[in-house]
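*Asks:* Sharing a structure with you now.
The values are calculated or read from the model by the stated rules, or taken from the named source; none is laboratory data. A quick note: this is a predicted structure, and the numbers were derived from the prediction, not measured. Glycine gets a Cβ as well: all are built from the backbone with ideal geometry, and neighbour counts include every protein chain shown.
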Amino acid sequence: MMKSFTITKRQEEHITILEINGELDAHTAFKLEQQFKNLIEIEAYHIIVNCSNLQYIASAGLGVFMAYIEDIRNLGGDIKLSDMTGDVYHVFDLLGFPSLYDIHKNESEALSSYKNQK
Amino acid sequence: MDELSPKDRALELGRFEQRTLLETGRDLIESQDPEFILNNLLLISLGKLRVSTACIIVHRPGEDHYLIKKGKGLYSKLEGELLNYEPNINELEKGVYYYDELPKLFETLQLSKDAVMFHLRTSAHHIGFLCIEPTFRSETITAQEQDFLENLCLITSATLSNSIMFEELKKINRRLDRKIYDLDSLFELSKDFNQMQSIDDLSKTMKFALLGQLFINRFLFLFKEGKQVKVLVQSGLETQTPDNDPLVLFNLPRVMALDEIADFQSNDSSKNGLEAWISYLSEQKIHYILPVQSQGETLGVIGIGNKSTGQVLAGDELDFVLSLTNLVVLNIKRIQLLHEQLLNQQFQKELELARTIQEGLIPKKLPNIKGLDIVAENIPSEQIGGDYFDLFQLNDGSYLLSIADVTGKGVPAALLMANLQAMIHALALQDTTIETATGTINDFIYTNTPADIFITFFWTKIEANGKTLKFVNAGHDHPIVFRKSEADRTVKNSTQIQQFELSEGGLVLGALPTSTPYTSSYFTLEANDVVIFFTDGVTEALHHKTKKEYNLNRLKTIVAVHFNRTAKEIKEAIISDVNKFSNYTQHDDLTLIVMKKK
């Protein structure tokens, strides 16, 4: 059975906000991959992934972030993460992601970190 | 968030890894899609190792290379590329490889010296490698991470191997399906072709079949008839074919790509012609030449280009083209045979008509003439020549005997013969001499027939007493009178036969207008005289082996030998001798009249 996983996209000036909902695992990872590919295609390199409704993340899901972070940073952008629940952050932390990613408590913090860069 | 103690952290990480392996195991059981399996393996590796660049390369047994099957980061753009590298599979025993162990392969993939390759294998097969480029992370890959990935690769490999095999099977199945479809189409086409009566329809259907089945919109089909080759149908070619004889293309032994042919014949006399054709065909974007053979002879050649989609034709597709063209060639031959048969039938009907006309013109029964023993024989040849003879009584009690040979054969000759007969009978009623009448006939034939049509003609008026002949010979083989000479009557058992030829007259009928009148002459028969009237079917009968002509001397000899016999016996002796000579092969009509004075 297909796990439920959806993405909602919002735009805040030049910043694209992806709200990811549900479970991100081997079966749903392709949806997020596709989303990242599309954003690179339209040159929207400034991305915030809002994880407030992300219930579960498996290692394949973490892999999706890894697969695009280098490309996007080389293109002058970033993938920032925000609003993680405790369980999800735990996994990120467990695998050592906080040292690689810009992780924020909430979306507005992430937004302002982009704006301060400018 | 609470900080975990290092010990707890390690424990939790272990649990997370276990869970990942379990989930992967479950996913693998559920999925046969290599795409999914490979993607999952890559994503988990990236997530677990915190790297952003990795790829999976798959070994292609039998071909000296690896295929970049799936890639992330830098390698996502290289998916589908081939790496020229042939591993020594028997020596690949480890689960993990570093730069020092497979430097060539690392370099071919442009991996850094810190990269790691995880072996994808089953107990029996080497599948390939999961290649990890760790440059994104600062620290080296730990032993624990490596263990985890080795385990992940291990559980993935079996399913991967199965699913790759499954994909292969699917491909083979698809090919099989396509083959069956092709065969079905060929079967349908062959049924259609069989119904067709014109080569034009065949060509059209061939064009549609090539376009519909294989999207081929560029081709040229040459067909050989006798020694002549012509373009039967083509599509998409823009300019005229070269002047050189396309027969050179019929010497190719098998299906060949255009560039192959150039190397094929290098020191042949037909080299220039072949080169001209190759350069023309390559200009017209024709890529393959397929010779089509029937009973060991190349009857057709088809040159084809790529599909309209730009794709090159695969082997199976070339096979289809070959089979299709073969069908077309066979059906062209069938239609040609049919036409020949029809023509033949028509010809036969004409001949029957000619035979009927001729039979109607020649008298079935000869009149009895006082003092004369007359027999006649007319044997028409297969194709009906223009022999004619006639004998009938005139109003004054005398008889008119005619013999003629019209040039040509078949219906035209028979019709002219009918004309001649009508004129003879019409003129016989008139109060005119045969020499004047001959001139009249000549002028009529001359005016009403083409220049190459003429008639050799002899006729004679036989007095009612059967003694005096008045004759005109218009270019006909001279009738001959045989007479036992006076001198010899005194010497017993010695036969000296005198011969008189009835030659007086003029030119053949129909060659020139009558400027100088025809002349007639008289001949008076004595008892036991034998006269033979004949056409060239007798003297020009061909020997069945030497092809020499029967000739006049032989005819004279046979008459002399049988001189004392009856007219009927002499006639039969001549015909049997001619038949023996020609072995019953008759090229022309044969007419023979034998007359014996009682």
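*Asks:* List every residue pair whose Cβ atoms lie under 6 Å apart, where the two residues are 6 or more positions apart in sequence or sit on different chains, the first residue falls within the range B:371-383 and is under 17 Å from B:Leu525 (Cβ atoms), and the second residue, located anywhere, is buried (at least 20 other Cβ atoms within 10 Å of the Cβ) and of a type in the set (Lys, Arg).
*Replies:* From residues that are under 17 Å from B:Leu525 (Cβ atoms), the pairs are B:Asp373/B:Lys596; B:Val375/B:Lys571.
*Asks:* Let me ask you something else. B:Asn326 - would you say it is surrounded by 12 or more Cβ atoms within 10 Å (Cβ to Cβ) and touching a residue at least 24 places away in the same chain (Cβ under 8 Å)?
*Replies:* Details: surrounded by 12 or more Cβ atoms within 10 Å (Cβ to Cβ): yes; touching a residue at least 24 places away in the same chain (Cβ under 8 Å): yes.
Considered against the rule, which asks whether it is surrounded by 12 or more Cβ atoms within 10 Å (Cβ to Cβ) and touching a residue at least 24 places away in the same chain (Cβ under 8 Å), B:Asn326 comes out as yes.
*Asks:* Considering only the range B:376-420, state which residues are among the β-branched types (Val, Ile, Thr) and either out of contact with any His (no Cβ under 9 Å at 6 or more places or on another chain) or surrounded by fewer than 17 Cβ atoms within 10 Å (Cβ to Cβ) (or both).
*Replies:* Looking only at the range B:376-420, we keep the residues that are among the β-branched types (Val, Ile, Thr), and these are B:379, B:384, B:403, B:406-407, B:411.
Scanning the range B:376-420 gives B:Ile379, B:Ile384, B:Val406, B:Thr407, B:Val411.
*Asks:* Scan the range B:240-272 for residues that are at pLDDT below 80 and in a loop (DSSP other than H, G, I, E, B) and jot them down.
*Replies:* Within the range B:240-272, B:Gln265, B:Ser266, B:Asn267, B:Asp268, B:Ser269, B:Ser270 meet the criteria.
*Asks:* Please find, within the range B:556-581, the residue that is nearest to the chain's Cα centre (by Cα) out of those that are of a type in the set (A, V, I, L, M, F, W, C) and within 13 Å of B:Ile497 (Cβ to Cβ). Walk me through how you get there before you give the answer.
*Replies:* Taking the range B:556-581 and keeping what is of a type in the set (A, V, I, L, M, F, W, C), we get B:558-561, B:563, B:567, B:570, B:573-575, B:578, B:581.
Filter once more, keeping what is within 13 Å of B:Ile497 (Cβ to Cβ): B:558-561, B:563, B:570.
Details: B:Ile558: 51, B:Val559: 54, B:Ala560: 57, B:Val561: 56, B:Phe563: 59, B:Ile570: 53 Å.
For the range B:556-581, the residue satisfying everything is B:Ile558.
*Asks:* Report yes if B:Asp373 is surrounded by 18 or more Cβ atoms within 10 Å (Cβ to Cβ) and assigned to a strand (DSSP E or B), otherwise no. Steps first, please.
*Replies:* Details: surrounded by 18 or more Cβ atoms within 10 Å (Cβ to Cβ): no; assigned to a strand (DSSP E or B): yes.
No; evaluated as a whole, the condition is false for this residue.
*Asks:* Moving on. Going residue by residue through the range B:75-84, is there one that turns out to be surrounded by 19 or more Cβ atoms within 10 Å (Cβ to Cβ), among the aromatic types (Phe, Trp, Tyr) and touching a Gly at 6+ places or on another chain (Cβ under 9 Å)?
*Replies:* no
*Asks:* Here's another thing I want to ask about it. How about the range B:279-336: which of its residues are in a helix (DSSP H, G or I) and touching a Pro at 6+ places or on another chain (Cβ under 6 Å)?
*Replies:* Initial filter on the range B:279-336 (in a helix (DSSP H, G or I)): B:279-283, B:315-336.
Listed by number, the list holds a single entry, B:Tyr280.
*Asks:* Kindly check whether there is at least one residue in the range B:500-516 that is in a helix (DSSP H, G or I) and modelled with pLDDT of 90 or more. Give the derivation first.
*Replies:* Of the range B:500-516, the ones in a helix (DSSP H, G or I) are none.
No: the range B:500-516 contains no residue that is in a helix (DSSP H, G or I) and modelled with pLDDT of 90 or more.
*Asks:* Tell me the residue from B:Thr433, B:Thr449 that is at pLDDT 90 or above and at negative phi, please. Don't jump to the end; show me each part of the working.
*Replies:* Details: B:Thr449 fails: at pLDDT 90 or above.
Result of the check over B:Thr433, B:Thr449: B:Thr433.
*Asks:* If you go through the range B:48-57 one residue at a time, do you hit one that is farther than 24 Å from A:Gly96 by Cα, out of contact with any helix residue (DSSP H, G or I) (no Cβ under 7 Å at 6 or more places or on another chain) and modelled with pLDDT of 90 or more?
*Replies:* Within the range B:48-57 (the criterion being farther than 24 Å from A:Gly96 by Cα, out of contact with any helix residue (DSSP H, G or I) (no Cβ under 7 Å at 6 or more places or on another chain) and modelled with pLDDT of 90 or more), the answer is yes, since at least one residue qualifies.
*Asks:* All but one of (1) over 25 Å from B:Phe36 (Cα atoms); (2) at pLDDT 85 or above; (3) surrounded by fewer than 22 Cβ atoms within 10 Å (Cβ to Cβ) hold for A:Ile48; which doesn't?
*Replies:* (3)
*Asks:* Determine whether B:Gly95 is out of contact with any Cys (no Cβ under 6 Å at 6 or more places or on another chain), at positive phi and assigned by TED's automatic domain parsing to the domain that holds B:Lys77. Working first, answer last.
*Replies:* Values: out of contact with any Cys (no Cβ under 6 Å at 6 or more places or on another chain): yes; at positive phi: no; assigned by TED's automatic domain parsing to the domain that holds B:Lys77: yes.
Criteria not met by B:Gly95.
*Asks:* Here's a follow-up. Any residue at all in the range B:72-92 that's within 13 Å of chain A (Cβ to nearest Cβ), without any contact (Cβ under 8 Å) to a residue 12 or more places away in the chain and either assigned to a helix (DSSP H, G or I) or more than 18 Å from B:Ile132 (Cβ to Cβ) (or both)?
*Replies:* yes
*Asks:* When you look at B:Lys104, is it exposed (fewer than 13 other Cβ atoms within 10 Å of the Cβ), touching a strand residue (DSSP E or B) at 6+ places or on another chain (Cβ under 9 Å) and free of Cβ contacts under 8 Å to residues at least 24 places away in the same chain, yes or no?
*Replies:* Numbers: exposed (fewer than 13 other Cβ atoms within 10 Å of the Cβ): yes; touching a strand residue (DSSP E or B) at 6+ places or on another chain (Cβ under 9 Å): no; free of Cβ contacts under 8 Å to residues at least 24 places away in the same chain: yes.
Against the criterion (exposed (fewer than 13 other Cβ atoms within 10 Å of the Cβ), touching a strand residue (DSSP E or B) at 6+ places or on another chain (Cβ under 9 Å) and free of Cβ contacts under 8 Å to residues at least 24 places away in the same chain), B:Lys104 does not qualify.
*Asks:* Out of all the residues in the range B:214-222, is one or more assigned to a helix (DSSP H, G or I) and touching a strand residue (DSSP E or B) at 6+ places or on another chain (Cβ under 8 Å)?
*Replies:* Taking the range B:214-222 as the starting set, the residues that turn out to be assigned to a helix (DSSP H, G or I) are B:214.
If we keep only those that are touching a strand residue (DSSP E or B) at 6+ places or on another chain (Cβ under 8 Å) too, we end up with B:214.
Yes, the range B:214-222 contains a residue that is assigned to a helix (DSSP H, G or I) and touching a strand residue (DSSP E or B) at 6+ places or on another chain (Cβ under 8 Å).
*Asks:* Being in contact with a Phe, Trp or Tyr (Cβ under 8 Å, 6 or more places away or on another chain) and either closer than 24 Å to B:Tyr75 by Cα or more than 8 Å from chain A (Cβ to nearest Cβ) (or both) is the requirement here; does B:Arg15 meet it? I'd like the intermediate steps shown before the answer.
*Replies:* Details: in contact with a Phe, Trp or Tyr (Cβ under 8 Å, 6 or more places away or on another chain): no; either closer than 24 Å to B:Tyr75 by Cα or more than 8 Å from chain A (Cβ to nearest Cβ) (or both): yes.
The answer is no for B:Arg15.
*Asks:* Could you run through the range B:521-543 and say how many residues are under 20 Å from B:Glu463 (Cβ atoms), part of a loop (DSSP other than H, G, I, E, B) and of a type outside the set (S, T, N, Q)?
*Replies:* Restricting attention to the range B:521-543, the residues satisfying the condition of being under 20 Å from B:Glu463 (Cβ atoms) are B:521-533.
Still in the running and part of a loop (DSSP other than H, G, I, E, B): B:525-529.
Narrowing further to those that are of a type outside the set (S, T, N, Q): B:525-527, B:529.
The qualifying residues number 4.
*Asks:* Take A:Tyr56 and decide whether it is touching a Lys or Arg at 6+ places or on another chain (Cβ under 9 Å) and under 22 Å from B:Gly71 (Cα atoms). Steps first, please.
*Replies:* Details: touching a Lys or Arg at 6+ places or on another chain (Cβ under 9 Å): yes; under 22 Å from B:Gly71 (Cα atoms): no.
No, not satisfied.
*Asks:* Let me ask something else. Report yes if B:Ser45 is of a type in the set (S, T, N, Q), surrounded by 14 or more Cβ atoms within 10 Å (Cβ to Cβ), closer than 23 Å to B:Ser161 by Cβ and within 8 Å of chain A (Cβ to nearest Cβ), otherwise no. Can you show your working first?
*Replies:* Values: of a type in the set (S, T, N, Q): yes; surrounded by 14 or more Cβ atoms within 10 Å (Cβ to Cβ): yes; closer than 23 Å to B:Ser161 by Cβ: yes; within 8 Å of chain A (Cβ to nearest Cβ): yes.
For B:Ser45, the condition - of a type in the set (S, T, N, Q), surrounded by 14 or more Cβ atoms within 10 Å (Cβ to Cβ), closer than 23 Å to B:Ser161 by Cβ and within 8 Å of chain A (Cβ to nearest Cβ) - is met.
*Asks:* So, one more: Considering only strands (runs of 3 or more DSSP E) fully contained in the range A:1-116, which possess at least 3 residues that are touching a residue at least 24 places away in the same chain (Cβ under 8 Å) and within 14 Å of chain B (Cβ to nearest Cβ)? Break it down into steps so the answer makes sense when it comes.
*Replies:* Details: elements: A:5-12, A:15-24, A:46-57, A:78-82, A:102-104.
Strands (runs of 3 or more DSSP E) meeting the threshold: A:78-82.
*Asks:* Out of the residues in the range B:19-39 that are crowded, with 19+ Cβ neighbours inside 10 Å and touching a residue at least 24 places away in the same chain (Cβ under 8 Å), state the one that is farthest from the other protein chains (Cβ to nearest Cβ).
*Replies:* B:Pro34
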